[in-house]
Structures are given as C-alpha cells and as structure tokens.
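S.K.: Would you mind keeping the following structure in view while I ask a few things?
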Amino acid sequence: MHKPLLAFNENGIYCEVANVYLDPWKPVDFAIISHGHADHSRYGHKKYITHHTNVPIIKHRLGDINVSGRNYNETFTINNVKFSLHPAGHIIGSSQIRVEHRGEVWVFSGDYKLEDDGVAVPFEAVKCHSFITECTFGLPAFKWTPQKEVFSDINNWWETNREAKQTSVLFGYSLGKAQRLLKYLDTDIGKIYTHGAIENMTEVIRPMIDFPETTRITRETTKQELLGNIVLAPPSAHGSTWIRKMVPYVTASASGWMAFRGARRRRAVDRGFVLSDHCDWQELLTAVEATGAEKVICTHGYTEIFSKYLRTLGLDARTENTQYEGELNESDTKKESESVA
Amino acid sequence: MKNFAELIRTLDSTTKTTLKVNALSEYFKEASDEDRVWTIAILSHRRPPRPVNTTLLRIWASELANIPLWLFEESYHIVGDLAETIALVVPTSNENSEKSLTQFLREMLALKKETDEFKKEYVTHNWRKLNYYERFVFTKLITGGFRIGVSQKLMTRALSKATDIDEDILAYKLMGKWDPNTISFEDLVLKESASDFLSKPYPFYLAYGIEGAVSDLGNVNDWSFEHKWDGIRSQVIIREDELFVWSRGEELVTDKYPEFHSFTAVIPNGTVLDGEILPFPDNEIGTFQDLQTRIGRKTISKALLAKTPVILKAYDILEWEGKDLRQQPFIKRRAILESLMKRLSGTELPIYLSETVSCDSWDEVASERDRAREMRSEGLMIKRKDSTYQVGRKKGDWWKWKTDPLTIDAVLTYAMRGHGRRSNLFTDYTFALWDDEEKLVTFAKAYSGLTDSEFKKVDSWIKRNTLERFGPVRSVTPELVFEIAFEGITESKRHKSGYATRFPRILRWRKDKKIAEANKLEDLKALMLT
Ligand SMILES: [Zn+2]
Ligand SMILES: [Zn+2]
C-alpha cells in the first residue's frame with residue numbers, strides 16, 4: 001500500500017510529496033489556505049497561498065505575511081504535485097483545495113455551502129477520488145430555508161422593531177456572516193450601523209463587492225440616532241457594556257445553530273434566524289455525491305454520525321481529528337478577530 | 001392552533017418574564033373559551049394521556065424523514081427533545097392549520113382507542129401538513145412536557161392580568177382535579193361554587209434557601225425553628241368524612257398512602273394539614289431511597305406496606321373547623337396544630353408533629369443544624385413567628401437552611417454530550433475514585449455546576465483526550481480532578497464502585513490537584529458513616 005497523498009499529522013493536513021500543508025493549525029513553512037476564518041488561517045507560517053480575494057482579508061487579520069494569491073481553477077505545481085483552488089461558496093474568497101499527483105485526486109473542502117448567497121462565488125463540485133469534507137451541520141435535523149425567506153423575516157423583524165421605536169441589534173461574525181447580512185438588509189427601513197470589528201472587515205471587502213452604506217458606531221454615536229435603525233455586531237458584543245448603551249434594543253442572532261431551541265435560549269437573544277455559511281444535511285450529501293469520491297474523510301462537526309451514514313451508503317468514509325472549530329454556537333469567543341463562522 | 005403555536009414560539013424565544021406574561025395574557029384575552037381551558041391545562045401539566053407511545057413516533061418519523069432509526073436516535077440525543085427532533089427531521093410544509101387547539105386535543109383524546117395503523121395515518125398526515133412550529137407543538141401535545149420556562153405561577157399571573165381576578169384566588173381555583181375536556185372556562189375560572197372546593201388543597205408556600213449569614217435574619221426570637229424533613233411535601237385534607245392527600249406537584253395521591261385512611265375517623269372535618277410524608281421502617285425515619293419504593297408504585301402491596309410504612313410529619317395547619325387559617329400568624333396556627341396533636345396522642349395514627357426547637361442565639365441555631373444527620377433531616381426550616389401562609393415561593397418569611405453538602409475529589413473518566421442547549425458540548429460526566437487495588441472505579445454522574453466557559457474548556461479537553469468511543473459515550477485520559485458535592489450515599493449496583501450518591505453535582509474544577517490526590521473509595525465509605 002502506498003502512502004496517502006494527504007495525511008493528518010499534528011500540524012495539519014500534510015502533502016508529503018509537495019511538502020505543503022493545507023490549513024495547518026501549527027506554524028509550518030508552506031501553507032495553502034482555504035479561507036480567512038481564524039481556525040483555518042493561522043498566524044506564523046513562512047509562506048501562504050490562497051485565493052486572491054482572500055489575500056487582503058488574511059492580511060487584515062494576520063498583518064504583513066508572505067502571501068500570494070491565485071485564481072479559481074488556476075493550476076500551480078509544487079514538486080510535481082498539481083494544486084488548484086475552486087469556489088467553496090462559504091464566504092468571500094473561500095476555496096476548496098484540489099491536489100493531484102500521478103492521477104490521484106484529492107479535494108479538501110475547507111468550509112462550504114451550496115446555496116448561492118450572492119457574496120461568495122458559488123460552490124462548484126470537483127470530481128475526485130478522496131474528499132475531505134467538513135460536516136459542521138452533519139445531522140438530518142439541519143435543513144436550511146432559502147436565504148430569500150430568511151432575509152424577508154429579518155427585514156420584517158427590523159421593521160416591527162422600528163415601529164415599536166426600538167433599535168435592532170443583529171449578531172453575526174465579522175467576516176462572512178456580517179457581509180452576507182449587510183448585502184440584503186433593506187435600507188428603505190432605516191440606516192445600518194456597524195460595530196468597529198465589522199466595519200473594519202467590511203472596508204477590506206468593499207472594493208470587491210457592492211454593499212449598502214454603513215455607519216461606524218463611535219463614542220459620539222447617540223442612542224437617539226440609533227433608534228429604529230439596525231446595528232450589525234459580532235456575537236462577542238452580546239451582553240457587553242458597548243451594547244447596553246443602545247437601550248431600548250431587541251437582539252437577534254443569525255446562525256445555523258439557531259435551528260435548535262436550546263441554542264436560541266442559550267444565546268439569550270430575542271430572536272434567532274437560521275442562516276448558515278455551512279452545508280445542511282442534504283447539501284452535504286449532495287456535495288459528496290457530486291464529487292464522485294469513493295473515499296470520504298469527515299472533519300469538524302458531527303463527523304462520526306455523518307461518516308457512519310456515508311458508510312451505510314457504501315462509501316469508504318472515516319473521521320479525522322482536526323483543530324477546526326466549525327460554526328461556534330457560543331457568544332463568548334475571546335476576540336472577535338479569532339472567531340469563525 | 002396557529003395562535004397557540006405562535007404563543008409557544010413567543011414564550012420560547014424570550015427569557016424575559018414580563019414579555020412572557022404579556023404574550024400569555026394577550027393570548028388569554030383573544031383565545032376561545034375552550035382553547036383557554038386547554039391552554040391552562042397544558043401549562044399546568046394536565047395534558048391528556050399520551051395517545052401514542054414514543055417508540056412508534058420515532059419509527060414513523062425516521063420513515064417519513066427517510067433516515068435509518070439509529071440516525072434519528074443520534075439526532076434526538078443531540079437535539080435533546082423528541083418533539084423538536086421530529087419537527088426538524090421530517091419534510092417541511094408551509095401551511096397553517098385551520099383547526100383549533102381544542103380540535104386537535106379532542107382528536108388526540110379519541111386517538112388513544114384507535115389501532116396503530118390509524119394512529120400512524122393521523123400523526124404522519126399532520127406532520128406532513130403542518131409547518132415547522134405547528135408540527136413541533138402538535139408533537140409536543142402528544143409527547144407531553146412543555147418546558148418553556150412558564151411556571152404555573154407565571155401562567156396564573158398572566159391569567160389574572162387577562163381576567164382581572166386576583167392571582168391567589170386563581171391559583172386556588174386551578175388546583176386539584178379538573179378535566180379540561182369537560183369543564184368550561186366559566187366553571188374553572190370565572191364562577192365560584194362551594195362543592196368544587198371539597199378536594200381542593202391550598203397553594204403550597206415554599207421557602208427560599210438562606211443566602212447570606214443566618215444571623216442577617218435579625219432577632220433570633222422572631223423566628224421559629226424545626227428540622228427540614230426529606231420526604232414528600234403534602235397536604236392532607238379531611239372534609240365531609242373524606243380524605244384527600246395532595247403532593248406538592250399538585251397530584252392527588254390519596255390512594256398511595258392507605259396508612260392515612262384512618263384519619264377521617266379521628267381528625268375532625270374541615271381540617272387541612274401541611275406536612276411531609278416520610279418513610280418509617282422499624283419505627284424510625286428511613287431514607288429517601290426507602291420512600292422511592294413507594295412513590296413509583298400504582299398499587300401498594302401488603303408486603304410493601306409492612307416493609308416501608310409511612311407517616312405524616314405535620315408542621316402547619318391551613319384549615320381548622322372549615323376556616324381558612326392562612327392569614328393567621330404562624331405561631332397561632334402552630335398552637336392549633338399542637339392542641340390537635342395532643343388530642344391525637346394515644347390513637348396510634350401515623351401522624352407526628354414536626355417539633356419546633358427553641359434557640360436563643362444564632363449559634364444555637366447553627367449547632368441544631370449540625371444535628372441534621374443524626375435527626376435524619378436535611379437541615380433546618382426557619383419560619384418567622386408572625387408569618388402568614390403565602391402562595392408559592394416567596395422571600396422573606398420562610399427560609400430553608402440546609403446542611404453543607406458532602407464533598408469528595410474525583411477523577412473524570414467518561415463524558416457524554418449534553419442535551420438541549422448543551423447538545424454540542426460534552427457536559428455529562430462520570431467520575432471515579434481510587435479503589436484498594438489503585439484502580440479508578442466510577443461512583444457518580446454529574447452534569448451541572450461548571451460555568452459555560454468552564455464547560456467549553458473541559459469539552460475541548462475531552463475532544464483532545466478521548467481514549468475510546470462507546471456510542472455517545474467517550475472514555476477520557478484520567479487527568480482532570482473535580483470536587484463533587486452530594487447529599488447522601490447509598491449502596492448501589494448502578495456504579496462500579498458499588499455506591500451511589502444523591503444529587504451529585506460539580507462544585508469546582510480542582511486544577512490544582514493531580515489524579516493521585518483524588519479521594520479513595522474508602523473516603524466515600526467513611527463519609528457514609530458520619
Ligand atoms: Zn469558515
Ligand atoms: Zn471550518
């Protein structure tokens with residue numbers, strides 16, 4: 001038996017032939033990065049390759065790193081191993097990473113979803129022999145509704161709050177979720193205010209995507225001007241003194257975990273909108289099938305359950321431990337810059 | 001059903017009491033009389049008998065969702081609520097149902113007698129037709145147990161707001177036995193009639209735990225002290241030669257305690273006693289485990305009666321000669337109770353007075369509390385001498401001062417995912433102690449006591465230190481030590497150690513301790529003897 005093309009070691013997903021890591025969690029010499037969330041793109045590698053739209057994003061997060069950008073479907077060769085990035089539809093600049101050597105093809109999904117959210121380039125299935133997939137929401141209990149319906153709920157909620165003379169505070173991670181929300185908020189209802197972390201990140205992305213106008217909340221922002229408008233804030237702002245200034249306000253959270261009543265209560269938000277940048281159960285199955293892979297390796301999420309189910313479908317599926325975190329259902333992430341969606 | 005589902009959604013999505021009360025009282029104002037009665041019944045745990053067993057529900061749901069049963073079960077384990085799991089996994093619809101809550105409940109009542117095939121057709125038809133939240137509520141009505149943070153008290157407050165009837169009067173009216181299928185809103189809530197009150201208990205007055213120093217209660221002479229008994233809080237009613245025994249869950253349990261049937265012959269009509277049902281094997285107070293052999297049984301055999309007889313430890317009298325005494329000061333009620341008990345001495349009725357203990361200083365109170373284990377009590381009850389008998393849990397006049405829990409340092413050996421709000425974290429833990437052969441043997445399971453952020457840390461540690469997986473359970477590297485608190489120890493085959501603890505919970509994470517410093521099984525045995 002020959003060595004697998006990609007292996008999991010203590011640093012990350014390793015391609016020995018090319019001497020390259022995919023989304024490593026420990027500092028390495030050479031890393032190919034799927035997307036800008038903190039658990040996938042960490043500080044301290046000597047050299048980074050990622051999609052070119054992700055370059056400004058990880059530079060914003062990690063500072064002046066040695067990174068070069070690639071286009072989707074552009075092949076680059078390292079030690080005779082062919083690499084290419086393919087749209088993952090997760091957040092802007094997110095990629096699946098295809099790895100080919102001597103006719104053997106592996107694809108690492110990074111994080112992904114199938115629905116076209118109008119911000120990220122939509123997911124494209126890539127044929128492969130072995131597919132490394134996340135399965136954050138790999139349970140049949142997760143079933144997303146089309147985002148159009150969710151956004152109409154969100155805008156209705158905002159409008160109702162405005163009529164009740166309350167400020168709407170909507171929580172979403174500062175990279176990805178916040179911009180997706182921003183894109184579809186109805187500015188006929190009112191103005192959109194942003195927490196600094198979200199405004200900073202959005203400034204980085206604005207040159208690439210068309211977004212409605214936003215106003216950064218500063219010390220000078222008054223309660224009165226916020227009233228009836230909407231505030232986009234990272235989950236870590238929940239319960240902080242920053243938010244208490246906005247009384248009277250109503251809170252909501254937009255996350256896949258909001259599908260569970262328990263998670264809604266745990267977050268203690270007034271309203272939960274089920275909106276995720278990851279696949280639901282059916283999307284995962286559809287994606288796995290579309291790759292045509294015989295071998296499937298499940299990483300973060302309900303890995304054991306999802307891989308067991310894949311085995312009942314006749315696939316060679318197993319789990320691997322990684323240090324990716326999936327969509328956190330916690331509000332108490334230490335620093336917003338470290339949180340993922 | 002649409003309005004009721006919307007109500008449940010609102011109650012479900014807020015933690016603010018005022019918002020809950022408002023939503024509920026708005027609903028009460030607008031709902032039909034029948035729907036009001038059913039809503040009161042559901043929120044006071046008077047749901048109709050379960051028409052379909054849950055095993056069938058799981059099978060049908062997994063069929064409809066087109067997933068294997070094991071996958072349904074895994075999902076259920078993570079979601080933590082059967083109705084919610086079903087509502088999530090079956091294919092969804094966007095329709096609202098035109099049927100009222102009452103119609104659905106009537107159908108469910110009739111369903112009980114039908115064949116399984118008919119039941120399946122009825123249930124799966126509704127699952128297919130209802131939208132997500134209605135499907136959840138519909139299934140919840142079948143499985144029972146709406147836990148949405150609405151206490152009976154909160155519901156009563158909302159009803160009071162909607163009807164302008166005093167809250168305490170409503171609480172009284174809603175107690176006891178009534179059938180939502182036959183009673184009208186008029187009869188249940190609006191009208192007052194004497195015969196309804198024959199079996200009715202008074203709402204229990206509940207004490208809060210002492211929070212600060214006991215001496216903060218002020219002058220020791222203002223207070224009355226007695227031991228806090230570890231049994232079933234009950235009211236015993238004797239009216240018109242009939243006996244009614246109510247437990248605190250507001251269940252009529254008269255039939256479970258035939259020992260008390262002789263009361264009617266001796267205790268005069270128009271008497272209501274408040275007290276604790278305690279096990280009394282060998283003429284002394286037994287353990288809660290003894291009592292548990294009685295609680296679960298529907299029919300009480302002669303052998304069981306002989307092995308574990310019960311007594312009533314009476315501590316208050318709420319009605320005497322047909323008059324409501326609740327507005328009288330506690331010491332006056334006690335005087336009446338004590339003179340009644342004196343009259344009963346020599347009758348050999350299984351009723352005892354919960355003696356008050358006189359204390360002249362808070363130090364004496366503290367040393368009385370230290371006698372709890374010897375007295376087979378859980379600590380002390382501290383009641384203001386001039387307190388009236390209030391409704392529900394109120395601060396100020398009645399306090400419980402429990403003994404400090406027993407504690408032991410134990411090693412985390414197994415972990416399981418939590419339920420509901422903690423479904424994504426490993427929060428259910430099994431703990432072990434060292435045995436004579438220096439092996440770790442399990443003795444307790446606990447899933448509360450850490451902060452959310454501690455749970456998160458332990459969860460991520462567990463994921464990195466898993467040794468083996470047994471279905472949902474993981475064994476972990478013995479490394480973390482926790483201080484476990486509990487109320488009592490009994491021998492038990494449930495755990496490897498041969499011992500089980502009562503109310504185990506995590507007191508703190510002992511990051512300062514290595515596993516070699518955890519306690520031994522011997523230490524646990526020694527605690528049992530204290
Ligand atoms: Zn991500
Ligand atoms: Zn991820």
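The values are calculated or read from the model by the stated rules, or taken from the named source; none is laboratory data. From a predicted model like this one, the values you see are computed outputs, not experimental measurements. Quick reminder, even Gly has a Cβ in these numbers, built from the backbone with ideal geometry, and neighbours come from all protein chains shown. Surface areas here come from the heavy atoms of the whole protein model, side chains and all, with no ligands, DNA or RNA. Shrake-Rupley method; radii C 1.70, N 1.55, O 1.52, S 1.80 Å.
S.K.: Considering (1) closer than 21 Å to residue A:202 by Cβ; (2) in contact with a strand residue (DSSP E or B) (Cβ under 6 Å, 6 or more places away or on another chain); (3) in a strand (DSSP E or B), say which one residue A:68 fails and leave the rest.
M.R.: (1)
S.K.: Next question. Pick from B:480, B:425: which is at pLDDT 85 or above, farther than 30 Å from residue B:202 by Cα and touching a Phe, Trp or Tyr at 6+ places or on another chain (Cβ under 8 Å)?
M.R.: None of the other options fit; the residue is B:480.
S.K.: Does residue A:119 count as assigned to a strand (DSSP E or B), assigned by TED's automatic domain parsing to the domain that holds residue A:52 and in contact with a Lys or Arg (Cβ under 9 Å, 6 or more places away or on another chain)? So that I can check it myself, show each step before the final result.
M.R.: Values: assigned to a strand (DSSP E or B): no; assigned by TED's automatic domain parsing to the domain that holds residue A:52: yes; in contact with a Lys or Arg (Cβ under 9 Å, 6 or more places away or on another chain): yes.
No; evaluated as a whole, the condition is false for this residue.
S.K.: Looking at residue A:143, is it surrounded by fewer than 22 Cβ atoms within 10 Å (Cβ to Cβ), away from every other protein chain (no Cβ under 14 Å) and away from ligand 2 (no atom under 16 Å from the Cβ)?
M.R.: So residue A:143 does not fit the description; no.
S.K.: Among the residues of region A:263-277, write down those that are small (Gly, Ala, Ser), open to solvent by less than 10 Å² (accessible area, probe 1.4 Å) and more than 16 Å from ligand 2 (Cβ to nearest atom).
M.R.: Scanning region A:263-277 gives a single hit, A:263.
Rundown of residues vs (1) open to solvent by less than 10 Å² (accessible area, probe 1.4 Å); (2) away from ligand 1 (no atom under 15 Å from the Cβ); (3) at pLDDT below 95, yes/no style:
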site: A:23; (1), (2), (3): yes, no, no
site: A:39; (1), (2), (3): yes, no, yes
site: A:47; (1), (2), (3): no, yes, no
site: A:84; (1), (2), (3): yes, yes, no
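S.K.: Check region B:377-386 and report whether any residue there is polar (S, T, N, Q), in the same structural domain as residue B:220 (by TED's automatic domain parsing) and in contact with a strand residue (DSSP E or B) (Cβ under 9 Å, 6 or more places away or on another chain). Outline the logic, then answer.
M.R.: Of region B:377-386, the ones polar (S, T, N, Q) are B:377.
Then drop every residue that is not in the same structural domain as residue B:220 (by TED's automatic domain parsing), which leaves B:377.
Still in the list and also in contact with a strand residue (DSSP E or B) (Cβ under 9 Å, 6 or more places away or on another chain): B:377.
Within region B:377-386, one or more residues are polar (S, T, N, Q), in the same structural domain as residue B:220 (by TED's automatic domain parsing) and in contact with a strand residue (DSSP E or B) (Cβ under 9 Å, 6 or more places away or on another chain).
S.K.: State yes or no: is residue B:474 surrounded by fewer than 15 Cβ atoms within 10 Å (Cβ to Cβ) and under 24 Å from residue B:73 (Cβ atoms)?
M.R.: Taking the combined requirement at face value, the residue does not satisfy it.
S.K.: Same structure again: Kindly list the number of the only condition in (1) without any contact (Cβ under 8 Å) to a residue 60 or more places away in the chain; (2) in a loop (DSSP other than H, G, I, E, B); (3) not basic (Lys, Arg) that fails for residue B:86.
M.R.: (2)
S.K.: What residue, among those in region A:162-177 that are away from ligand 1 (no atom under 16 Å from the Cβ) and open to solvent by less than 10 Å² (accessible area, probe 1.4 Å), is farthest from residue A:283 (Cα to Cα)?
M.R.: Ranking the candidates gives A:167 first.
S.K.: Which residues, taken from region B:35-63, are in a helix (DSSP H, G or I), surrounded by fewer than 18 Cβ atoms within 10 Å (Cβ to Cβ) and either within 14 Å of another protein chain (Cβ to nearest Cβ) or under 26 Å from the mean Cα position of the chain (by Cα) (or both)?
M.R.: Answer for region B:35-63, where residues must be in a helix (DSSP H, G or I), surrounded by fewer than 18 Cβ atoms within 10 Å (Cβ to Cβ) and either within 14 Å of another protein chain (Cβ to nearest Cβ) or under 26 Å from the mean Cα position of the chain (by Cα) (or both): B:54, B:55, B:58, B:63.
S.K.: Follow-up question, since we're still on this one. Residues in region B:239-282 that are among the charged types (D, E, K, R) and either open to solvent by less than 60 Å² (accessible area, probe 1.4 Å) or in contact with a Gly (Cβ under 8 Å, 6 or more places away or on another chain) (or both): how many?
M.R.: Matching residues across region B:239-282 total 6.
S.K.: Scan region B:107-123 and give yes if some residue there is touching a Ser or Thr at 6+ places or on another chain (Cβ under 8 Å), under 27 Å from residue B:154 (Cβ atoms) and either more than 14 Å from every other protein chain (Cβ to nearest Cβ) or surrounded by fewer than 21 Cβ atoms within 10 Å (Cβ to Cβ) (or both), otherwise no.
M.R.: No: zero hits.
S.K.: Where residues in region B:64-98 are surrounded by fewer than 17 Cβ atoms within 10 Å (Cβ to Cβ) and away from chain A (no Cβ under 14 Å), which of them is farthest from residue A:150 (Cα to Cα)?
M.R.: Ranking the candidates gives B:98 first.
S.K.: Test of understanding: among B:480, B:507, which residue is touching a residue at least 60 places away in the same chain (Cβ under 8 Å), among the aliphatic types (A, V, I, L, M) and open to solvent by 50 Å² or more (accessible area, probe 1.4 Å)?
M.R.: Every option except B:507 fails the conditions.
S.K.: For region A:53-65, does any single residue satisfy the condition of being out of contact with any Leu (no Cβ under 8 Å at 6 or more places or on another chain) and open to solvent by less than 10 Å² (accessible area, probe 1.4 Å)?
M.R.: Looking through region A:53-65, at least one residue is out of contact with any Leu (no Cβ under 8 Å at 6 or more places or on another chain) and open to solvent by less than 10 Å² (accessible area, probe 1.4 Å).
S.K.: Any residue in region B:491-498 that is open to solvent by less than 40 Å² (accessible area, probe 1.4 Å) and within 22 Å of residue A:266 (Cα to Cα)?
M.R.: Scanning region B:491-498, I find no residue that is open to solvent by less than 40 Å² (accessible area, probe 1.4 Å) and within 22 Å of residue A:266 (Cα to Cα), so the answer is no.
S.K.: Any chance you could count how many residues in region A:69-87 are over 21 Å from the mean Cα position of the chain (by Cα) and either among the polar types (S, T, N, Q) or within 14 Å of residue A:105 (Cα to Cα) (or both)?
M.R.: Summing the residues that are over 21 Å from the mean Cα position of the chain (by Cα) and either among the polar types (S, T, N, Q) or within 14 Å of residue A:105 (Cα to Cα) (or both) in region A:69-87 gives 7.
S.K.: Consider region A:190-211. How many of its residues are more than 21 Å from residue A:60 (Cβ to Cβ) and surrounded by fewer than 18 Cβ atoms within 10 Å (Cβ to Cβ)?
M.R.: 1
S.K.: List every residue pair whose Cβ atoms lie under 6 Å apart, where the two residues are 6 or more positions apart in sequence or sit on different chains, the first residue falls within region B:378-405 and is under 19 Å from residue B:319 (Cα atoms), and the second residue, located anywhere, is among the polar types (S, T, N, Q).
M.R.: Pairs found: B:383/B:224; B:385/B:224; B:388/B:327.
S.K.: Next up: Which one is nearest to ligand 1 (Cβ to nearest atom) among residues in region A:102-132 that are of a type outside the set (D, E, K, R) and open to solvent by 30 Å² or more (accessible area, probe 1.4 Å)?
M.R.: A:123
S.K.: Further question: One residue is enough: does region A:151-173 have a residue meeting the conditions away from every other protein chain (no Cβ under 14 Å), touching a helix residue (DSSP H, G or I) at 6+ places or on another chain (Cβ under 6 Å) and of a type in the set (S, T, N, Q)?
M.R.: yes
S.K.: Any idea which of A:312, A:322 is open to solvent by 20 Å² or more (accessible area, probe 1.4 Å), within 16 Å of ligand 1 (Cβ to nearest atom) and more than 24 Å from residue A:122 (Cα to Cα)?
M.R.: The unique qualifying residue is A:322.
S.K.: Mind checking which pairs have a first residue in region B:1-27 that is within 14 Å of chain A (Cβ to nearest Cβ) and at pLDDT below 85 and a second that is open to solvent by 60 Å² or more (accessible area, probe 1.4 Å) and assigned to a helix (DSSP H, G or I), Cβ under 8 Å, 6 or more apart or different chains?
M.R.: Here the result reads B:12/A:265; B:15/A:265, each pair linking region B:1-27 to a residue that is open to solvent by 60 Å² or more (accessible area, probe 1.4 Å) and assigned to a helix (DSSP H, G or I).
S.K.: I'd like to check which strands (runs of 3 or more DSSP E) are fully inside region A:1-61 and have at least 3 residues that are among the polar types (S, T, N, Q).
M.R.: Those strands (runs of 3 or more DSSP E) do not exist here; none qualify.
S.K.: On to the next question. Hey, can you tell me all the residues within region A:299-341 that are at pLDDT 95 or above and within 15 Å of ligand 2 (Cβ to nearest atom)?
M.R.: Scanning region A:299-341 gives a single hit, A:306.
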